[in-house]
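Asks: Just passing along the structure, written as structure tokens.
The values are calculated or read from the model by the stated rules, or taken from the named source; none is laboratory data. Source: prediction; values computed, not measured. Don't worry about glycine lacking a Cβ; one is built from the backbone with ideal geometry, like all the others, and counts go over all protein chains shown. To get the accessible areas, we keep the full protein, side chains included, count just its heavy atoms, and leave off ligands, DNA and RNA. Shrake-Rupley method; radii C 1.70, N 1.55, O 1.52, S 1.80 Å.
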Amino acid sequence: MKCPKCQAENFETRKFCKECGAKIIMACPHCGFENLPADKFCGECGNKLTKPGGPAPTAYPKPESYTPKYLAEKILTSRSALEGERKQVTVMFADLKGSMS
Ligand SMILES: [Zn+2]
Ligand SMILES: [Zn+2]
């Protein structure tokens, strides 16, 4: 939670900035109601308050968002190649006596 006045980083639970004492509020993006930084939902309209900047801790980016499109298509089209396939093979080991010495 950044202080709107001095940009100092404060804990979410703080109501006032530790650096300049400015009141830290979380304005609802929906109705503009001034909520506390730690509030998760707006006290006026019930809108979910998401932190400005940075994704929510539980929201991980989807693989599609950081995988280049050409790479994603390549992976999807060559899936069998990546997963591999099972084959029956016959392996014969042979050794000549004394060849490993
Ligand atoms: Zn401040
Ligand atoms: Zn609101």
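Asks: Which ones in the stretch 17-28 are modelled with pLDDT of 90 or more and open to solvent by 40 Å² or more (accessible area, probe 1.4 Å)?
Replies: Lys18, Glu19, Cys20, Gly21
Asks: Also: With the condition kept exactly as written, say whether any residue in the stretch 39-49 is modelled with pLDDT of 85 or more and either touching a helix residue (DSSP H, G or I) at 6+ places or on another chain (Cβ under 7 Å) or away from ligand 2 (no atom under 16 Å from the Cβ) (or both).
Replies: Among the residues of the stretch 39-49, not one is modelled with pLDDT of 85 or more and either touching a helix residue (DSSP H, G or I) at 6+ places or on another chain (Cβ under 7 Å) or away from ligand 2 (no atom under 16 Å from the Cβ) (or both), which makes the answer no.
Asks: Contact list please: Cβ distance under 7 Å, first residue in the stretch 60-73 and free of Cβ contacts under 8 Å to residues at least 12 places away in the same chain, second residue among the basic types (Lys, Arg), pairs at least six apart or on different chains.
Replies: That search, which allows pairs on different chains as well, returns nothing.
Asks: Pick out the one residue from Asn47, Asn10, Asn35 that is open to solvent by less than 100 Å² (accessible area, probe 1.4 Å) and touching a His at 6+ places or on another chain (Cβ under 7 Å).
Replies: Working: Asn10 fails: touching a His at 6+ places or on another chain (Cβ under 7 Å); Asn35 fails: touching a His at 6+ places or on another chain (Cβ under 7 Å).
One residue alone meets the criteria, Asn47.
Asks: Tell me which residues, restricted to the stretch 1-25, are over 21 Å from Phe41 (Cβ atoms) and either part of a loop (DSSP other than H, G, I, E, B) or more than 9 Å from ligand 1 (Cβ to nearest atom) (or both).
Replies: Cys3, Lys5, Cys6, Gln7, Ala8, Glu9, Cys17, Lys18, Glu19, Cys20, Gly21, Ala22
Asks: Within the stretch 55-101, work out how many residues are outside any helix (DSSP H, G or I), farther than 30 Å from Lys40 by Cα, at pLDDT below 80 and open to solvent by 100 Å² or more (accessible area, probe 1.4 Å).
Replies: Of the residues in that region, 3 qualify.
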